[in-house]
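Enquirer: This is the structure I have questions about; it appears just below.
The values are calculated or read from the model by the stated rules, or taken from the named source; none is laboratory data. As the structure is a prediction and not an experimental result, all values here were calculated from the model. Note that each Cβ is placed from the backbone with ideal geometry, even for glycine, and that neighbours are counted across all protein chains shown.
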Amino acid sequence: MTRLFNDPDDFAAEMTTGLAAASARWLRAVPGGVVRSTEADGPTVSLVVGGGSGHYPAFAGLVGPGLAHGAAMGNLFASPSTQQIHSVAAAADRGRGVLMSYGNYAGDVLNFDAAQARLRDAGVDCRTVVVTDDVSRAADPALRRGIAGDLCVFKVAGAACEAGHDLDGVERVARLANERTRSLGVAFDGCALPGAGSPLFTVPDGRMAVGLGIHGEPGIDETDVPTAAGLAELLVRGLLAERPAGAGDRVVPILNGLGSVKYEELYVVYGAVHRLLGEAGLTVVDPEVGEFCTSFDMAGASLTLLWLDDAPGELERLWTAPCDTPAFRRGAVAGHHGTTAAPQDTAAGAPAAVLEGSPGSRACGA
């Protein structure tokens, strides 16, 4: 359960204030969320991500050079409002257009679409790529929700922005990354929001929910808790069955902890994941193990596979390109400098009321 809070109704706003104070090197608060506190040497397309709070480092922890330009932050497990999203996107826009990207949840789709319409009415070229990586949700990929695969799409899109791609180019590679990303998650117990007397859901002792969502949405199956190797086999088997059409043999695996599973446990699981992928004839490229999309203190984990090009190509170059954010870093990003803009009161980005809970239409471990 979540133990450290003041007034539960103020949790998201107070968390944002603390995050901005601790991460001023990368970001600053604006009404509705956060944007970069740095400026590139020249204008680029802006990537705006977002969703409900409670999933750190998604989404605000991924704002910084080489990744997102801004993150709209809703209340706990709730979509940011249209006004919050519009505010963040307007602050992040540098005149070359805005790409919005987020997980496929009904509240997010509703509010991001409305914000996009407002930006377009104001003359801003704005596009959207919705992340749909969760293989357990629906047979039709367009109806699937987004979970830890958000990172793959955001990273590729952010690197394309950094490389100077125009909006058409950034949108194209973001869609390609989404089409090549598959995830499957499990949980051993639910999470409790600040001030709640009980978790959002429970799993019987000794059992494991398979395919659940990051807000506690029901899974597709329940089974006995396996060994670490057994869990790796379940996750790898499920994802290989969903191999994207035309995908090659190079994959990026991302083993994600949902909140209370320890890094040491994840590394035990990853050892088996790595072996199984090799036995399947796949080449593992730049794997990640850690917390990338959490659910407060949910006891669970997910595995994501990003399928790259047959030979080191566009997706791989964008995935491995440098970035520098509070929660995910690699390499060295040049050509950025701090701004002098003062932080703003995040209370103006009041908690939203639209729940994300159904799909619609580091510290990282490296």
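Enquirer: For the stretch 281-296, which residues satisfy the criterion of being touching a Lys or Arg at 6+ places or on another chain (Cβ under 9 Å) and part of a strand (DSSP E or B)?
Expert: If the condition is that a residue be touching a Lys or Arg at 6+ places or on another chain (Cβ under 9 Å) and part of a strand (DSSP E or B), then Thr283, Val284, Glu288, Gly290 are the ones that fit.
Enquirer: Do we find a residue being within 20 Å of Val225 (Cα to Cα) and within 22 Å of the chain's Cα centre (by Cα) anywhere in the stretch 272-288? Explain how you work it out, then say what you get.
Expert: Taking the stretch 272-288 first, the residues within 20 Å of Val225 (Cα to Cα) are 272-273, 276.
With the extra rule that they be within 22 Å of the chain's Cα centre (by Cα), the set shrinks to 273.
Yes: one or more hits.
Enquirer: Now for a different question. Of all residues in the stretch 182-213, which are under 15 Å from Phe77 (Cα atoms) and either at pLDDT 85 or above or basic (Lys, Arg) (or both)?
Expert: Gly190, Cys191, Ala192, Leu193, Pro194, Gly195, Ala196, Pro199, Leu200, Phe201 - these are the residues of the stretch 182-213 that are under 15 Å from Phe77 (Cα atoms) and either at pLDDT 85 or above or basic (Lys, Arg) (or both).
Enquirer: State which residue pairs qualify: first residue assigned by TED's automatic domain parsing to the domain that holds Asn256 and at negative phi and inside the stretch 303-316, second residue of a type in the set (Phe, Trp, Tyr) and assigned to a loop (DSSP other than H, G, I, E, B) in any location, beta carbons under 7 Å apart, and separation of 6 or more residues or different chains.
Expert: Close Cβ pairs (under 7 Å, with a partner that is of a type in the set (Phe, Trp, Tyr) and assigned to a loop (DSSP other than H, G, I, E, B)) do not exist here.
Enquirer: Here is a follow-up. Here are some residues: Val109, Val153. Which one is surrounded by 22 or more Cβ atoms within 10 Å (Cβ to Cβ) and either in a strand (DSSP E or B) or at pLDDT 95 or above (or both)?
Expert: None of the others qualify; the one that does is Val153.
Enquirer: Grab the strands (runs of 3 or more DSSP E) fully contained in the stretch 187-280, keeping just those with 2 or more residues being in contact with a helix residue (DSSP H, G or I) (Cβ under 6 Å, 6 or more places away or on another chain) and not assigned by TED's automatic domain parsing to the domain that holds Gly54.
Expert: 250-257
Conditions tested, residue by residue: (1) out of contact with any helix residue (DSSP H, G or I) (no Cβ under 9 Å at 6 or more places or on another chain); (2) surrounded by fewer than 22 Cβ atoms within 10 Å (Cβ to Cβ); (3) in the same structural domain as Leu167 (by TED's automatic domain parsing).
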{"position": "Asn75", "(1), (2), (3)": "no, no, yes"}
{"position": "Arg96", "(1), (2), (3)": "no, yes, yes"}
{"position": "Gln116", "(1), (2), (3)": "no, yes, yes"}
{"position": "Leu119", "(1), (2), (3)": "no, yes, yes"}
{"position": "Gly123", "(1), (2), (3)": "yes, yes, yes"}
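Enquirer: Would you say Arg28 is assigned to a strand (DSSP E or B) and either surrounded by fewer than 24 Cβ atoms within 10 Å (Cβ to Cβ) or not assigned by TED's automatic domain parsing to the domain that holds Arg127 (or both)? Show your work before the answer.
Expert: Details: assigned to a strand (DSSP E or B): yes; either surrounded by fewer than 24 Cβ atoms within 10 Å (Cβ to Cβ) or not assigned by TED's automatic domain parsing to the domain that holds Arg127 (or both): yes.
Judged against the criteria, Arg28 is a match.
Enquirer: Being touching a His at 6+ places or on another chain (Cβ under 9 Å) and buried (at least 19 other Cβ atoms within 10 Å of the Cβ) narrows it down to one of Gly158, Gly211, so name that one. Reasoning before the result, please.
Expert: Values: Gly211 fails: touching a His at 6+ places or on another chain (Cβ under 9 Å).
Just a single option satisfies the conditions, and that option is Gly158.
Enquirer: Count, please, the residues in the stretch 68-103 that happen to be part of a strand (DSSP E or B) and under 26 Å from Leu200 (Cα atoms).
Expert: Residues in the stretch 68-103 being part of a strand (DSSP E or B) and under 26 Å from Leu200 (Cα atoms): 9 in total.
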